[in-house]
Amino acid sequence: MAMCWAQSALALDPRYPDWPCQQLKVPEISIASVWHGAPIDTVDTSKPADPKQAELVAHVAARRTPIEDARKMIGDYLVGTEDERQQKAIRLFAALYSTLNAQRDQVMNGIERFSRKQKGAAEEIRAMAQKMREAQDKANGDPAQSENLASQLAWQTRIFEDRRRSTAYICDVPVLIEKRLFDLGRAIQDDLQGGLKAQTK
């Protein structure tokens, strides 16, 4: 079972042999899939535009912050003239994209490290199973040794299976981060459109 897991992980996408998830690995979030506003490629995200932006990004990027609360915080931040609001919105989304894309990258690197450990564990289980079979096949084998190997194999297999079951959960995290960025981008754009409609009335 352990070796089947390792082999299936290898077969998902040959370009990323350590990627164990059913979801295809996309190294970077596509801006076009999460943002339909003005281009952000010229925005300098190496430092926040102002202290309020830095604090806001930290709060709304966190998945523990309900999206409705994030919407309100965004609305409170996007104030000023129409031009000021547009500039704030672009810089805010650029900062969110940079932050969440980096978080997603860290998560994906962690998933691949996890996958490599699981592959190593699968190899150890296979070697232990072979050793146990050899001990059991000996005509004058030591029953205590066979029992000890069987106990170790059962324990290692249980750990492996517990970790394998968590794979689906950890594989969802990059998707949740991307969805979070999409929702925040929509909240920013909705606030801008709401303000524009209010001015034209």
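The values are calculated or read from the model by the stated rules, or taken from the named source; none is laboratory data. This one's a predicted model, so the numbers in the text were calculated from it and none came from an experiment. Don't worry about glycine lacking a Cβ; one is built from the backbone with ideal geometry, like all the others, and counts go over all protein chains shown. Note: accessible area is taken over every heavy atom of the protein model, side chains too, but ligands, DNA and RNA are not part of it. Shrake-Rupley method; radii C 1.70, N 1.55, O 1.52, S 1.80 Å.
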Self-check item: At R0 = 30 Å, FRET efficiency that the Cβ-Cβ distance of ALA168 and ALA54 yields, to 0.05
Solution: 0.30
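Of PHE160, PHE182, which has the most accessible area with a 1.4 Å probe, and how do the rest follow in descending order?
On the way: PHE160 5, PHE182 65 Å².
Reading off the accessible areas and sorting them downward yields PHE182, PHE160.
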Quiz item: Given only helices, namely DSSP H runs of n ≥ 4 each adding -39500 (n - 2.57), what is the per-residue ellipticity at 222 nm of the chain, to the nearest 500 deg cm²/dmol?
Solution: -26000 deg cm²/dmol
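With a 1.4 Å probe and all protein chains left in place, how much accessible area per residue does the chain have, in Å²? All intermediate terms of the calculation are to be shown ahead of the outcome.
Details: 12220 Å² over 201 residues.
On a per-residue basis, 61 Å².
Within the range 78-201, what whole-number % of the accessible surface is contributed by carbon and sulfur, with the 1.4 Å probe and all protein chains included in the calculation? Don't skip to the answer; put the middle values down first.
Working: 3670 of 7250 Å².
The nonpolar share, carbon plus sulfur, comes to 51 percent.
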Quiz prompt | Directionally averaged projected area (convex hull, Cα atoms, the range 1-131), nm² | solution = 10.6
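When 1/r is averaged over all different Cα pairs and the result inverted, which Kirkwood radius in Å belongs to the range 115-154? Write out the running numbers ahead of the final one.
Values: mean 1/r = 0.0941 Å⁻¹.
Result for the range 115-154, one decimal place: 10.6 Å.
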Quiz item: How much FRET efficiency would the formula 1/(1 + (r/R0)^6) give for ASP18 and ASP83, where r is the Cβ-Cβ distance and R0 is 35 Å, rounded to 0.05?
Solution: 0.15
Quiz item: Reachable lysines from LYS25, Cα under 27 Å, same-chain residues fewer than 8 places away excluded?
Solution: LYS117, LYS119, LYS179
Quiz item: Given a cut-off of under 8 Å on Cα pairs at least six residues apart, what relative contact order in percent is computed for the chain?
Solution: 34
Quiz item: Alpha carbon centre of the range 43-77 versus the range 114-178: separation in Å?
Solution: 44
